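Worksheet: one structure, shown below.
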Amino acid sequence: LKGLEPYITNHHPEEMDVNVVQDEVWPTNWKCLAENFMEGYHLSTVHNVTLHHRTPTRLCEKIPPGEGYTGYKSHYTRASPQRKPYHPDLTAEEKRYSMFFWIYPSQAVGLTPSGSASLCLQPRGVGEVANRCILSSYKPDQKQTAGLRTEGFNEVMAEDRVQLARVRRGLKSRHVEPNRLGPADLEGTVWDMFQYMARKLTPQNVRKLPTRKRNLQRAS
């Protein structure tokens, strides 16, 4: 995870305090929830009311992935108000985007200038996933600010939950067809997740089979 340090150090998440912990069970596959959280393609469609005016799809910027993570920056529009309070170590650029990263295989984090949202996923079979959400921020004693932030986050997650339930039903259809992923800044994180799963789920002997087969052919 060392490659993530430059993106989170100035936020000093160790100085944040937990505002609320929420436990829910979502009617979707864990991988669908992970992909949804980690791609910017849906920001301007699924969240047209809540997020599009602040963090539209067109302003997403993927970061280089690491062995244990992938992530992207969700830049703010010029008209979007500054999120406060923020840590004084943040640069001018860091104050104007949210950082989303996925720590394989089960933790998704959204880091904003004023706080963070962390999702810890635990699959409950193919069609359900337990989702523990932890919201943290600076100055948690400001109950009104924390309450408004929690309310706004829940509105966004409610939009995701409805859409993911539809996706889950659609994936069961015999008419569903695979399609291409979007550009790297929008769905490159999903590709990184596919690569991670391929590395972990493909047996070593299967990956080495082509080389061994060529060697046998040479020997014969």
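Some notes on this structure:
- Annotation note: Cβ proximity below 9 Å between a residue of the range 1-13 that is over 14 Å from residue 114 (Cβ atoms) and a residue that is part of a helix (DSSP H, G or I) and open to solvent by less than 50 Å² (accessible area, probe 1.4 Å) (sequence gap 6+ or interchain) occurs for 7/94.
- Boolean, residue 20 is open to solvent by 30 Å² or more (accessible area, probe 1.4 Å), more than 18 Å from the chain's Cα centre (by Cα) and not basic (Lys, Arg): yes
- Within the range 57-92, tally of residues that are open to solvent by 50 Å² or more (accessible area, probe 1.4 Å) and over 19 Å from residue 109 (Cα atoms): 9
- Residue 123 vs. criteria under 13 Å from the mean Cα position of the chain (by Cα) and surrounded by fewer than 16 Cβ atoms within 10 Å (Cβ to Cβ): no
- Among (1) in contact (Cβ under 8 Å) with a residue 40 or more places away in the chain; (2) closer than 23 Å to residue 84 by Cβ; (3) touching a helix residue (DSSP H, G or I) at 6+ places or on another chain (Cβ under 7 Å), the one test that residue 33 misses: (2)
- Qualifying position, being open to solvent by less than 70 Å² (accessible area, probe 1.4 Å), closer than 13 Å to residue 28 by Cα and at pLDDT 90 or above, among 109, 129: 129
- Members of the range 144-167 that are among the charged types (D, E, K, R) and modelled with pLDDT of 90 or more: 155, 159, 160, 161, 166
- Of the residues making up the range 27-47, those that are modelled with pLDDT of 90 or more and either in contact with an Asp or Glu (Cβ under 7 Å, 6 or more places away or on another chain) or farther than 27 Å from residue 125 by Cβ (or both) number 9.
- The set of residues in the range 23-49 that are among the charged types (D, E, K, R), crowded, with 17+ Cβ neighbours inside 10 Å and either on the phi > 0 side of the Ramachandran plot or touching a Cys at 6+ places or on another chain (Cβ under 8 Å) (or both) is empty.
- Taken across the range 51-58, residues that are within 21 Å of residue 159 (Cβ to Cβ) and not in a loop (DSSP other than H, G, I, E, B) do occur, with at least one present.
- Just one of the numbered conditions (1) open to solvent by 100 Å² or more (accessible area, probe 1.4 Å); (2) of a type in the set (S, T, N, Q); (3) at pLDDT 90 or above is not true of residue 195: (1).
- Test: residue in the range 144-159 that is of a type outside the set (D, E, K, R), in a strand (DSSP E or B) and surrounded by 19 or more Cβ atoms within 10 Å (Cβ to Cβ): no
- Among the residues of the range 36-66, those identified as touching a residue at least 40 places away in the same chain (Cβ under 8 Å) and touching a Ser or Thr at 6+ places or on another chain (Cβ under 7 Å) are 38, 39, 40, 41, 55, 57, 60, 62.
The values are calculated or read from the model by the stated rules, or taken from the named source; none is laboratory data. This structure is a prediction, so every number in the text was calculated from the model and none was measured. Backbone-built Cβ (ideal geometry, glycine too); neighbour counts: all protein chains shown. In case anyone asks, the SASA skips ligands and DNA or RNA and just uses the protein heavy atoms, side chains included. Shrake-Rupley method; radii C 1.70, N 1.55, O 1.52, S 1.80 Å.
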